[in-house]
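Working notes, structure below.
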Amino acid sequence: AGAALLSPGSCAFEDSACGYEWDYAHLPWALHGEGHYISVDTSYEGEKAVLSSPELYSEEWSCVRLIYQIATTSETSPDPARLNLYLRQEGKSFDRLLWSAKEPSDSWLIASLDLTNSTKKYKIVLEGEMRQDKSASIAVFEIKITPGYCIECDFEENHLCGFVNRWNPNVNWFVGGGNIRNSQSILPKDHTLNSELGHYMYVDSVYVKHFQEVAQLISPKTTAPMSGCLSFYYQLKQESSIVFTVYLRDMSGFYEEIWKTDSALSADWALAEVDFNAPYPMEVIFEVAFNSAKGGYVALDDISFSPVYCSNQTGMRPPFNPAEAGCNFEEDLCNFYQDHKDGPGWSRVKVKRNVYRAGDHTTGFGYYLLANTKFTSQPGYLGRLYGPTLPGNLQFCLRFYYALYGFFKMSGTLAVYIFEENHVVQEKIWSVLDSPKGVWTQAEISFKKPMPCKVVFVSWCKSFWDCGLVALDDVSFSLGSCQAADLLLPNPGECTFEKDECVFTQKKRGRGSWHRRRGPTPTSYTGPKGDHTTGVG
């Protein structure tokens, strides 16, 4: 019966591979019917094994759950084995890497990946890379593709949709129901099936030892931007005060409270709905805090998500589009502006490039901004460039390129401030240090402010001897921290050559070969002074 319900692309590897096929040009996968898994190991010579699903199609969002294990006997391998999951879309030249793991473990792990809605047919491709690890093996126990979102769960399956309890010696979330009588405060029926056989999660105060004990249930992290309504059912029985809170936690560890129980009791299942906005990877955390052992219990079931905000009200802010906040200065200043009482501090200029000077950063032939041009470099001069208003309570990554010219000290040449909307608070978040002259260098800054704010680029000329030319180009904003953005895998076929050559390989032919290097090219006046990605990459 369970097999009949499996959606296309799902497989438990019991007696067959369910239409998954391996690529005979690479290592073979071995099907272990008695253990219900498929695996690849280093008993054969080779680099990798590739497994691709039958052709799949889904117009709605779906969730891929992968239950896997990477095992190795070597303590630390410089080049460990990896398991990669790609999306191969019809009509696309490259597979898109959705997920990758290399951490070995003693038992199975679960990965949850959201697939956004698409009108194209696709295949899921698993790649086990053995690398240099001679003792590794990679096993896949189950692939499950279900319609809906990965943060949804009815807790009827033993892997609990990838939700995990943060272990605490005294209070923890447990699976309840299924006719297991394992607590004094057990509930009669779950919410999903409305029967004693159904399951739910619960946390009970019976083992509380200390004041304010906390139990946390953590969802899988979102892997695609989503916003809408998160709903769940809960029951709360309390003798003394229980605090039941729902938080969002981003990858930098910032918590944001999105829901809290009011003190009313609910002896029956109560529905809670909360607006939810996750433009970058986040976890949902269900947290229960007890004050005493006679606290009572909280039960949770049927977490679901809808891409429409709960109250369907228009008061919710439309999702902020970070692309509209940046500028490459090719046409105009976009949404940037200057304070006129400063005078025209920044000028939009275009230069003819030659071996002595670079053009702009965007194309090499376009426009950029220049502060302290020869008309304005009188001592005491200040140039301020204001960016557009950014909403509060979102984490941003600001990236821009700057280049320094001139022979003098560069201490106040360029700094970045944050102005909060009331213009009362100004906070300096970055200032230029010495960097190579005449090279477009990338700066990146992560920040998060509770109130709406603006980013301001300030160039200051203190005296004739402390006044340099500074150029600015390609200002961009993205949601999430810069470090999180670096962890995102590049789009297929894109490569910055910062870490390696990505998917590119070279055929060695004769004397001409490509070398990966940083800094200027070896012969003067024949190439760039630095790379294009960061200037120092």
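Based on protein heavy atoms only, the chain ends up with 53 Å² per residue of surface accessible to a 1.4 Å probe.
Once all Cα-Cα distances of the chain are split into 10 Å bins that start at 0, what whole-number percent is in each one? Spelled out per bin, shortest first, that is 3, 14, 21, 21, 19, 13, 6, 2, 0.
Computed over the chain, relative contact order equals 11 percent, with contacts defined as Cα pairs under 8 Å that lie 6+ residues apart.
Could you work out the percent of alpha carbon pairs in the range 67-147 separated by over 15 Å, rounded to a whole number? In whole percent, the share of Cα-Cα pairs in the range 67-147 beyond 15 Å is 60.
Net charge of the neighbourhood of G493, taken over other residues with C-beta under 13 Å away and scored Lys/Arg +1, Asp/Glu -1, is -1. Taking all protein chains together, C453, C310 sort by accessible area into C310, C453, largest first [probe 1.4 Å]. Candidates S227, Y386, P520 compared by Cα position along the dipole of the chain: farthest toward the positive end lies P520, with charges placed on Cβ.
If only the Cβ of Lys and Arg carry +1 and only the Cβ of Asp and Glu carry -1, the dipole of the chain around its Cα centre is close to 2820 debye. Taking the charge dipole of the chain about its Cα centre, with +1 at Lys and Arg Cβ atoms and -1 at Asp and Glu Cβ atoms, the residue from L271, F305, C334 reaching farthest to the positive side is C334. Peptides 21-28, 85-92 ranked from most to least packed, by the mean per-residue count of other Cβ atoms within 10 Å: 85-92, 21-28.
Past the 27 angstrom mark, what percentage of all C-alpha to C-alpha distances in the range 1-127 do you count? Tail fraction, whole percent: 20. Cross-linked pairs K102/K428; K134/K507; K189/K221; K92/K499; K92/K508; K120/K221: Cα-Cα separations exceed 32 Å for K102/K428.
Which values of log₁₀ I(q)/I(0), to two decimal places, follow from the Debye formula for the range 494-536 at q = 0.25, 0.29 Å⁻¹ with a uniform point scatterer at every Cα? With no solvent term, the Cα-only Debye profile gives -1.03, -1.10. Of the peptides 107-117, 523-533, the ranking by mean beta-carbon count within 10 Å, highest at the top, reads 107-117, 523-533. Put simply, when 244-250, 363-369 are sorted by average Cβ atoms within 10 angstrom per residue, most first, you get 244-250, 363-369.
The values are calculated or read from the model by the stated rules, or taken from the named source; none is laboratory data. Predicted, not measured: the structure shown is a model, and the values here were computed from it. Here Cβ is always computed from backbone atoms with ideal geometry, including for glycine, and neighbour counts include all displayed protein chains. SASA here: full protein model, heavy atoms, side chains in, ligands and nucleic acids out. Shrake-Rupley method; radii C 1.70, N 1.55, O 1.52, S 1.80 Å.
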